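Chemist: A single structure is presented below for examination.
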Amino acid sequence: MSEDSQAAGRNPARTLAQKVWESHLVRRAVGEPDLLYIDLHLLHEVTSPQAFDGLRQAGRGVRRPDLTVATEDHNVPTDSLSGPIVDAVSRLQVETLRRNCADFGVRLFPMGDQDQGIVHVIGPQLGLTQPGMTIVCGDSHTSTHGALGALAFGIGTSEVEHVLATQTLALMPFKTMAVTVDGTLAPGVTAKDLILAVIARIGTSGGQGHVIEYRGEAIRALSMEARMTVCNMSIEAGARAGMIAPDDTTIDYLHRRPYSPSGPRWDEAVVRWRMLLTDEGAVFDKEVVLDAADITPFVTWGTNPGQGAPLSANVPDPAEIADPVERAAAENALKYMDLVPGMPLREVVVDTVFVGSCTNGRIEDLRAAASVLRGRRLAEGVRMLVVPGSAKVRREAEAEGLDRVFTAAGADWRFAGCSMCLGMNPDQLAPGERSASTSNRNFEGRQGPGGRTHLVSPYVAAATAVVGRLASPAELAPKSG
Amino acid sequence: MQQFTVHSGRAVPLRRSNVDTDQIIPAVYLKRVTRSGFADGLFASWRRDPDFILNDPRYDGASVLVAGPDFGIGSSREHAVWALQDYGFRVVLSVRFADIFRSNALKGGLLAAVITQSAVERLWELVEADQSTPVTVDLTEREVRCGALSVPFEVDDYARWRLLEGLDDIGLTLRHDADIAAYEFRRSNLFPAVPV
Ligand code: SF4
C-alpha cells in the first residue's frame, strides 16, 4: 500500500489490505493524504462526547447516521443492571452518549438492551462487520474486526468528529506486513498465546505504521472468534490494523447474522468476499514467520504486552538484556511488578483472575475457562470475575450452564462490559494486587492504580484461579468428581 | 486548530521508554465530556511519587517534553493529547511515537516531532545540566535548537502545512464534498446499514 512498494516495479499483484484500501478511495492527489470512505463507524461513551460537541459548535450534522452505531461498554457497572450508575461522572458520560445519539439519530445499544456489549464483540456478532469493509472506532482495539477481512482501525476523537461529519478520513496509506504462522498449535495452546508470542517477538513497535495480515496454516485453522483474539492485539504490536483473509470459516460465521445480507444478496456478497485475498506475488513491506509448534502457553511478566515469556520460563534478568533502553524498561517493569529475576513464572502468586474483554470475552473463551473450572474450586483467597463480552454471550453461556460452573467454582458471574480490562467502572485491582487477566494490556495501573497484571489465555486464567499461582491446565490434579 | 510555527520553551527530560497513554492519563480521568480540564490527570500515578520529574520545581512551566522511544503506545484516547496541552506542553520529542498518538497530537496542534535517539540524549544532558536552557522547535525549518545543538526533526509535509496554517481538517475535507457524494453513488449496496 505504501507508495514506494507500489511504485517499485509496478507490481500488479496486491495485498488484501491494499485491495480494501483502494476500493474505498474517494480521492487521491499527489502530496496529500488519501480520502478514504468509511463503511461503519462504531461509537462508545468515552471517546465520543467531545466529537459530538464539536459538531454542535460548527453547526454540522452526522452525514450517515445509518452507517453509525453506538454502544455503552466502558463505564457500565457489571454487577447489576438495575438502577442508575452510581458513579456520577460515569453516569454523565453514558447519559451524554444517549442524548447525542437521540439528537443526531444514531442507533444505540444501551445497557440492558439484548444486543449491548463491548463494541468489538457486538460488531461481528450482529453481522455488522463484514469482509472488505472499512471500519473505524475511537478505540484502538478496532483492529479486532479485521479477523473477518475488514480494514478496521482505531482513531482519536478529532477523527471521530471528522467521520461523523464527512463519513471519510484523510490518511496516508498504511504499510503492509505479513505475519505467517506455519504448522499446528499444540492442544491447550490458544490464539492468545500465539499473539502474545508474536508481540514478544516483534515488540510493541514492530508493527508501527503497518497493517498486519495474519497468514499460514495455524491461522487458517483458527475459529472465527480465535481470529478475533489475534487481530484484537495487533495494536499491542504497534500496528494500525490486523487482517485475515475471509474463507469458509468467515462465511459460515456470517451466515444468518442479523445484519448479514440475505437471499440473493447473500450469494452476491459471498462471491465478492471470496475475491478478498492477497494476490500471489504481492509484496509486503515487512514479513515475519513463526512456527506454531514453538508456541506454548504464554504470559507477560512486565508492564507492556511485549514483555512476555512462556509460562514454563523464568522471570528474565535485565542484566542480560544488551539494549540499554530495553534493559531500563525491564528493570522498571520488574520493580513495578515486584518480581525477581530468575524466579519461575509458575511461582508467581495471583489474587485476582479476570476472564473477559474484547480479547477473550466471547463464548468460546468462556467455554474454555469453564472446561477447566468444571468440578473444581478457586484456590483460597483468589477472587475471579467472569465478564461476558456482550449480553448475547451472557445469554448463550447461561443456556449452556456455564454460569453455574463459574459460580459453583466460586467465581463472580457478571453482566457485559469492559469491566476490569481498564477499571473505569468499580471493577478494579487494589494497589499491590496481582491479576491473571485475559485482557490485552498490562500497563502500570491499567486495571486499577498500583495493580499488577499478567496477560494470559482463558485456559491459563482458569487454571491459575484453581492453583493460586500462574498455571496451565496440564498441571492441575485430576478432577475430584 | 492552534497554529504552530516556532516555539521556544524550557524542556522536561522524561527518561522512560514505552510511555503508554494509560500512564499519560489513567482511565479514571477520562470521564469528563469536555475537551479541557485534563491537566490534573497528566501522569497522575507517577506524579504521586515525589521524585517524579514533573514534581521537580526546577521544571515548572516547561513546555517541551523530551521522551524515550515508543511514546504514546496503547489506547487511542485523545485525552492524552489534551492532558499534555492542558498542562502546558506544546511539543513532544522522541525517536518513535505510536501511530494513533502521533496522529491525534498533530491534529490537535501538539507537535510530536521525531528526532534521533542520540539527539534525545544530548537534549536530556543539556536540560539536566541547566533546567533553564530554552529549547527552540522551529517547524518552518524543521529544526530543534538548544544552545550549540541544532538537529533536524521529521514531520510529514502535509501535517506540517496544516500546523503552519492552523487549518481545520473537516473544513478541508468538505471542500471535496462532491467527491464524497460521487463515491456514495457508486458504493456497493451490499454493505450493512443501520437505520434508526
Ligand atoms: S474490553 Fe478493554 S480493550 Fe476492549 S474496548 Fe473495552 S476497555 Fe478497550
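The values are calculated or read from the model by the stated rules, or taken from the named source; none is laboratory data. Bear in mind that the values here come from a model prediction, so they are computed numbers and not experimental data. When we count neighbours, we look across all protein chains shown, and the Cβ atoms used for this are built from the backbone with ideal geometry, even at glycine. With ligands, DNA and RNA removed, areas are computed over all heavy atoms of the protein, side chains included. Shrake-Rupley method; radii C 1.70, N 1.55, O 1.52, S 1.80 Å.
Chemist: Report, please, the projected area of the range A:191-288 averaged over directions, based on the convex hull of its C-alpha atoms, in nm².
Modeler: 6.8
Chemist: Can I ask one more? From the Cα gyration tensor of the range A:364-481, with a ≥ b ≥ c the square roots of its eigenvalues, which class applies: rounded if a/c is under 1.5, or else prolate if a/b is larger than b/c, or else oblate?
Modeler: Cα axes put the range A:364-481 in the oblate bin.
Chemist: Next question, about the same structure. Largest first, what is the accessible-area ranking of A:SER90, A:SER262, A:SER371 with a 1.4 Å probe?
Modeler: Greatest to least solvent exposure: A:SER262, A:SER371, A:SER90.
Chemist: Over all alpha-carbon pairs of the protein assembly as shown, lay out the pair-distance distribution in 10 Å bins, whole %, shortest bin first.
Modeler: 3, 16, 27, 28, 18, 6, 1, 0
Chemist: Checking buried surface per residue: for the range B:3-32, which residues lose a minimum of 10 Å² accessible area in the protein assembly relative to the chain alone (1.4 Å probe)?
Modeler: Buried by the other chains: B:ARG16, B:SER17, B:ASN18, B:ASP20, B:ASP22, B:GLN23, B:ALA27, B:VAL28, B:LEU30, B:LYS31, B:ARG32.
Chemist: For the charge dipole of the protein assembly as shown, defined by +1 on Lys and Arg C-beta atoms and -1 on Asp and Glu C-beta atoms about the Cα centroid, which residue among A:MET343, A:ILE135, A:GLY59 has the Cα displaced farthest towards the positive pole?
Modeler: Highest projection toward the positive end goes to A:GLY59.
Chemist: Once you have the Cα-Cα distance between A:THR184 and A:SER223, take 0.36 nm times their residue separation minus that, and quote the gain in nm to one decimal.
Modeler: 12.7 nm
Chemist: Let me ask something additional. Collect residues whose amide H, placed 1.01 Å from N in the peptide plane, falls under 5 Å from the amide H of A:ARG215; neighbours closer than 5 in sequence don't count.
Modeler: The answer is A:VAL179, A:THR180, A:VAL181.
Chemist: First compute the accessible area of the range A:338-456 with a 1.4 Å probe, then give the percent of it belonging to carbon and sulfur atoms.
Modeler: It is 51 percent, rounded to a whole number.
Chemist: State to the nearest 20 debye the size of the charge dipole of chain A about its Cα centre, where the only charges are +1 on K and R beta carbons and -1 on D and E beta carbons.
Modeler: About 740 debye.
Chemist: Here's something else I'd like to know. Where does the protein assembly as shown land at 222 nm, in deg cm²/dmol rounded to the nearest 500, when only DSSP H runs of n ≥ 4 count, each adding -39500 (n - 2.57), divided by all residues?
Modeler: Result for the protein assembly as shown, helices only: -9000 deg cm²/dmol.
Chemist: A further question on this structure: Compute the Kirkwood hydrodynamic radius of the range A:55-126, taking the inverse of the mean of 1/r over all pairs of distinct Cα atoms, and give it in Å to one decimal.
Modeler: 13.3
Chemist: Amide H neighbours of A:GLY242 under 5 Å, counting only residues 5+ apart in sequence or on other chains, H built in-plane at 1.01 Å?
Modeler: Amide H neighbours of A:GLY242, under 5 Å, 5+ apart: A:GLY146, A:ALA152, A:ILE212.
Chemist: To continue, here is another question. What part of the accessible area of the range A:65-107, given as a whole %, is carbon or sulfur when the probe is 1.4 angstrom?
Modeler: That fraction is 56 percent.
Chemist: What do you get when you divide the Cα radius of gyration of the range B:135-196 by 2.2 N^0.38 Å, with N the number of residues?
Modeler: This ratio for the range B:135-196 stands at 1.92.
Chemist: Let me ask something else about it. How far apart, in nanometres, would the label points at B:ASP157 and A:ARG60 be if each is projected 7 angstrom from Cα along the Cα-to-Cβ direction?
Modeler: The two pseudo-label positions are separated by 2.5 nm.
Chemist: Right, another one. Can you tell me the accessible area per residue over the range A:344-481, all protein chains present, probe 1.4 angstrom, in square angstrom?
Modeler: For the range A:344-481, the solvent-accessible area averages 31 Å² per residue.
Chemist: Once neighbouring chains are kept in place and the probe is 1.4 Å, which whole percent of the accessible area of the range B:1-144 is contributed by carbon and sulfur?
Modeler: About 46 percent, which is the carbon plus sulfur part of the accessible surface.
Chemist: A drop of at least 20 square angstrom in accessible area, chain alone versus all protein chains together, probe 1.4 Å. Which residues of the range A:414-433 meet that?
Modeler: Listed in order, they are A:LEU422, A:MET424.
Chemist: Further question on the same structure: Where a ≥ b ≥ c are the square roots of the eigenvalues of the C-alpha gyration tensor, would you call the range B:44-196 rounded, which needs a/c under 1.5, or, failing that, prolate if a/b is larger than b/c, or oblate?
Modeler: prolate
Chemist: While we're looking at this one, here's another question. Long-range amide H contacts for B:VAL135: which residues qualify at under 5 Å (H placed 1.01 Å from N, peptide plane, sequence gap of 5 or more or a different chain)?
Modeler: Those lying under 5 Å, H to H, from B:VAL135 are B:GLY9, B:ARG10, B:ALA11.
Chemist: Further question on the same structure: Considering only protein heavy atoms, what per residue accessible area in square angstrom results for the range B:1-75 with a 1.4 angstrom probe?
Modeler: Ligands and nucleic acids excluded, the figure is 39 Å² per residue.
Chemist: Top to bottom by accessible area (1.4 Å), largest first, where do B:SER188, B:SER132, A:SER48 land?
Modeler: Of B:SER188, B:SER132, A:SER48, the descending order of accessible area is B:SER132, B:SER188, A:SER48.
Chemist: Label the range B:1-125 by shape, choosing from rounded, prolate and oblate, from the square roots a ≥ b ≥ c of the eigenvalues of the Cα gyration tensor; if a/c is under 1.5 it is rounded, and otherwise prolate applies when a/b is larger than b/c, oblate when it is not.
Modeler: rounded
Chemist: Excluding residues fewer than 8 places away in the same chain, name every one of the lysines whose C-alpha is closer than 27 Å to that of A:LYS479.
Modeler: Cross-link targets: A:LYS192.
Chemist: Which residue fluctuates most in the GNM of chain B (Cα springs below 10 Å): B:ALA39, B:ALA181, B:ALA148?
Modeler: B:ALA181
Chemist: Could you tell me the calculated FRET efficiency between A:GLU280 and A:ARG91, based on Cβ-Cβ distance and R0 = 56 angstrom, to the nearest 0.05?
Modeler: 0.55
Chemist: Compare the Cα positions of A:VAL315, A:ILE295, A:PRO305 along the charge dipole of the range A:251-319 (+1 at Cβ of Lys, Arg; -1 at Cβ of Asp, Glu; about the Cα centre) and return the one farthest towards the positive end.
Modeler: Among A:VAL315, A:ILE295, A:PRO305, the one farthest towards the positive end of the dipole of the range A:251-319 is A:PRO305.
Chemist: What is the antiparallel percent of DSSP beta bridges lying wholly in the protein assembly as shown, to the nearest 5?
Modeler: Antiparallel bridges: around 30 percent, rounded to the nearest 5.
Chemist: Right, next: With respect to the cross-link table entries A:LYS19/A:LYS286; A:LYS175/B:LYS107; A:LYS19/B:LYS107, which display a Cα-Cα separation exceeding 23 Å?
Modeler: A:LYS19/B:LYS107
Chemist: Take every DSSP beta bridge whose two residues both sit in the range A:263-390, then give the antiparallel share in percent to the nearest 5.
Modeler: 50
Chemist: Let me ask something else. Report the rotationally averaged projected area of the range B:102-145 based on its alpha-carbon convex hull, in square nanometres.
Modeler: So the mean shadow area of the Cα hull is 3.6 nm².
Chemist: Gap in Å between the Cα centre of the range A:338-391 and the Cα centre of the range A:129-207?
Modeler: 25
Chemist: How much accessible area is lost when chains A and B come together, counting both sides, with a 1.4 Å probe, in Å² rounded to the nearest 100?
Modeler: When A and B are taken together, about 5800 Å² of accessible area is lost.
Chemist: Residue-wise, which Karplus ³J(HN,Hα) couplings in Hz belong to the range A:328-334, taking 6.51 cos²θ - 1.76 cosθ + 1.60, θ = phi - 60°, and x for glycine or proline?
Modeler: 4, 5, 5, 4, 4, 5, 5
Chemist: For the range A:144-162, state which residues have at least 20 Å² less accessible area in the presence of all protein chains than in their chain by itself, taking the probe as 1.4 Å and leaving out ligands, DNA and RNA.
Modeler: A:GLY156, A:THR157, A:SER158, A:GLU159, A:GLU161, A:HIS162
Chemist: Report the calculated FRET efficiency for A:SER80 and A:GLU347 (r = Cβ-Cβ distance, R0 = 35 Å), to the nearest 0.05.
Modeler: 0.40
Chemist: Right, here's the next one. With charges only on Cβ, +1 for K and R and -1 for D and E, what is the dipole size of the range B:60-196 about its Cα centre, in debye, rounded to 20?
Modeler: That gives the range B:60-196 a dipole magnitude of about 380 debye.
Chemist: Report ³J(HN,Hα) in whole Hz for each residue of the range A:190-197, in order, from the Karplus equation J = 6.51 cos²θ - 1.76 cosθ + 1.60 where θ = phi - 60°; Gly and Pro get x.
Modeler: Values per residue, Gly and Pro as x: 10, 4, 5, 5, 4, 6, 5, 5 Hz.
Chemist: How much of the DSSP beta bridge set in chain B is antiparallel, as a percent to the nearest 5?
Modeler: 50
Chemist: Please state the equivalent ellipsoid semi-axes for the range A:109-237: what are the square roots of 5 times the Cα gyration tensor eigenvalues, largest first, in whole Å?
Modeler: 26, 19, 12
Chemist: Taking every pair of distinct Cα atoms and averaging 1/r, then inverting, what Kirkwood hydrodynamic radius in Å comes out for the range A:25-167?
Modeler: By the Kirkwood definition, the hydrodynamic radius is 15.6 Å.
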